[in-house]
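The values are calculated or read from the model by the stated rules, or taken from the named source; none is laboratory data. Given the structure is predicted, the values throughout are model-derived calculations rather than measurements. Reconstructed Cβ throughout: ideal geometry from the backbone, glycine too, with neighbour counts over all protein chains shown.
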């Protein structure tokens, strides 16, 4: 008995028999599914598994990394459904290929951005060149500590890498960065990773949402969009708990003054005193500000609950799920709680 596979872009459903792949059946039925080698080596048929389950035949890690697979991506040419599924292929401007690098870096600057977020800037001493798309992240290792995922906050063509690292409760690595890391220390950087990067060919409205240290990749995305001269409106939301958590506002206001298509909004969810800023949850603010986001793309980073509620709100406003881009970041303790539940 075959499984029903809904292909979002074609607005059709195909039946895939056990042992057959999604791509094979789609092509057999005359659908113009993007593909290349059809053998799991090129990544041209990379797709998002929206629902359901598939088994994957052998494929190259260069076509699909473990992190991409963990984020919900599959290769249609290798995917054999084991249940009914819903699948969306990545649009041409969504498929990026940057060589994975293992970099030897050195700390060149440490700056306190807030009471609990530190900016770490690194020079690349060996292993480069390092290319990535704005919004991606890397695995960063300090000393003998385990690697952690941190998003690049700098533009892709900058010579210095920048990370914003928040001291997390019980976080050995983040507290090492806060208390012990020094200028001149050696750091290893492995990357790039992630699928929540700026789609530069898109010309619809952009909604950029950054909460806490999740502001780092959103900063890179907004700055790159402006650098590339993207003409559409960019609505940039910074969500923080309280006034003391807001950072880099002056720099973003300067960008807004220079680029009329950029609109900045700072929202506080738990202000400790009177404030002239907007308050509340970002998901509610989005519902207040928009009525129709069909054709828009959204980029989100921050606490998982913030990202999840904002994506849900965006969908109610007409944004397609495949146009809401967010890489899931969980602390070690959050992952442990998930595994225990």
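Has segment 190-200 got any residue that is in a loop (DSSP other than H, G, I, E, B), more than 23 Å from residue 67 (Cβ to Cβ) and in contact (Cβ under 8 Å) with a residue 24 or more places away in the chain? Steps first, answer last, please.
Filtering segment 190-200 down to residues in a loop (DSSP other than H, G, I, E, B) leaves 194-200.
The next check asks that each one be more than 23 Å from residue 67 (Cβ to Cβ); those that pass are none.
No - not one qualifying residue is present in segment 190-200.
Exactly one condition in (1) touching a strand residue (DSSP E or B) at 6+ places or on another chain (Cβ under 8 Å); (2) assigned to a loop (DSSP other than H, G, I, E, B); (3) farther than 22 Å from residue 253 by Cβ is not met by residue 230; state its number.
(3)
Looking at (1) exposed (fewer than 15 other Cβ atoms within 10 Å of the Cβ); (2) within 24 Å of the chain's Cα centre (by Cα), which one does residue 45 not meet, given that it meets all the others?
With respect to (1) exposed (fewer than 15 other Cβ atoms within 10 Å of the Cβ); (2) within 24 Å of the chain's Cα centre (by Cα), residue 45 is out only on (1).
Looking at residue 232 and the list (1) within 13 Å of residue 297 (Cα to Cα); (2) surrounded by 19 or more Cβ atoms within 10 Å (Cβ to Cβ); (3) in contact with a helix residue (DSSP H, G or I) (Cβ under 9 Å, 6 or more places away or on another chain), which single condition is not satisfied?
Just one mismatch for residue 232, condition (2).
Can you tell me how many residues in segment 6-24 are buried (at least 20 other Cβ atoms within 10 Å of the Cβ), more than 18 Å from residue 40 (Cβ to Cβ) and touching a residue at least 40 places away in the same chain (Cβ under 8 Å)?
Result for segment 6-24: 1.
Taking the criterion of being within 29 Å of residue 153 (Cα to Cα), within 27 Å of the chain's Cα centre (by Cα) and free of Cβ contacts under 8 Å to residues at least 24 places away in the same chain, would at least one residue in segment 25-37 satisfy it? Walk me through how you get there before you give the answer.
To start, the set of residues in segment 25-37 that are within 29 Å of residue 153 (Cα to Cα) comprises none.
No; the residues of segment 25-37 include none that is within 29 Å of residue 153 (Cα to Cα), within 27 Å of the chain's Cα centre (by Cα) and free of Cβ contacts under 8 Å to residues at least 24 places away in the same chain.
Of the residues 29, 38, only one is at pLDDT 85 or above, surrounded by fewer than 17 Cβ atoms within 10 Å (Cβ to Cβ) and more than 15 Å from residue 90 (Cα to Cα); which? Working first, answer last.
Numbers: 38 fails: surrounded by fewer than 17 Cβ atoms within 10 Å (Cβ to Cβ).
Result: 29 is the single residue among 29, 38 that is at pLDDT 85 or above, surrounded by fewer than 17 Cβ atoms within 10 Å (Cβ to Cβ) and more than 15 Å from residue 90 (Cα to Cα).
Is at least one residue of segment 253-260 crowded, with 20+ Cβ neighbours inside 10 Å and either over 20 Å from residue 301 (Cβ atoms) or touching a helix residue (DSSP H, G or I) at 6+ places or on another chain (Cβ under 9 Å) (or both)? Steps first, please.
In the first step, residues of segment 253-260 are kept if they are crowded, with 20+ Cβ neighbours inside 10 Å; the result is none.
No, the conditions are met nowhere in segment 253-260.
Hey, among 222, 209, which residue is touching a helix residue (DSSP H, G or I) at 6+ places or on another chain (Cβ under 6 Å), modelled with pLDDT of 95 or more and under 30 Å from residue 289 (Cβ atoms)? Break it down stepwise before answering.
Numbers: 222 fails: touching a helix residue (DSSP H, G or I) at 6+ places or on another chain (Cβ under 6 Å).
209 is the lone residue from the list that is touching a helix residue (DSSP H, G or I) at 6+ places or on another chain (Cβ under 6 Å), modelled with pLDDT of 95 or more and under 30 Å from residue 289 (Cβ atoms).
Restricting attention to segment 146-155, and to residues there that are surrounded by fewer than 22 Cβ atoms within 10 Å (Cβ to Cβ) and modelled with pLDDT of 95 or more, which single residue is farthest from residue 105 (Cα to Cα)? Steps first, answer last, please.
Of segment 146-155, the ones surrounded by fewer than 22 Cβ atoms within 10 Å (Cβ to Cβ) are 146-147, 149, 154-155.
With modelled with pLDDT of 95 or more added as a condition, the list becomes 154-155.
Values: 154: 15, 155: 17 Å.
Looking at residues that are surrounded by fewer than 22 Cβ atoms within 10 Å (Cβ to Cβ) and modelled with pLDDT of 95 or more, I get 155.
Looking only at segment 72-93, count every residue that is surrounded by fewer than 17 Cβ atoms within 10 Å (Cβ to Cβ) and over 22 Å from residue 28 (Cα atoms) and tell me the total.
Adding up the residues that qualify gives 2.
Does residue 185 fit the bill of being free of Cβ contacts under 8 Å to residues at least 40 places away in the same chain and surrounded by fewer than 20 Cβ atoms within 10 Å (Cβ to Cβ)? Lay out the reasoning, then the answer.
Working: free of Cβ contacts under 8 Å to residues at least 40 places away in the same chain: no; surrounded by fewer than 20 Cβ atoms within 10 Å (Cβ to Cβ): yes.
When the stated conditions are applied, residue 185 does not pass them.
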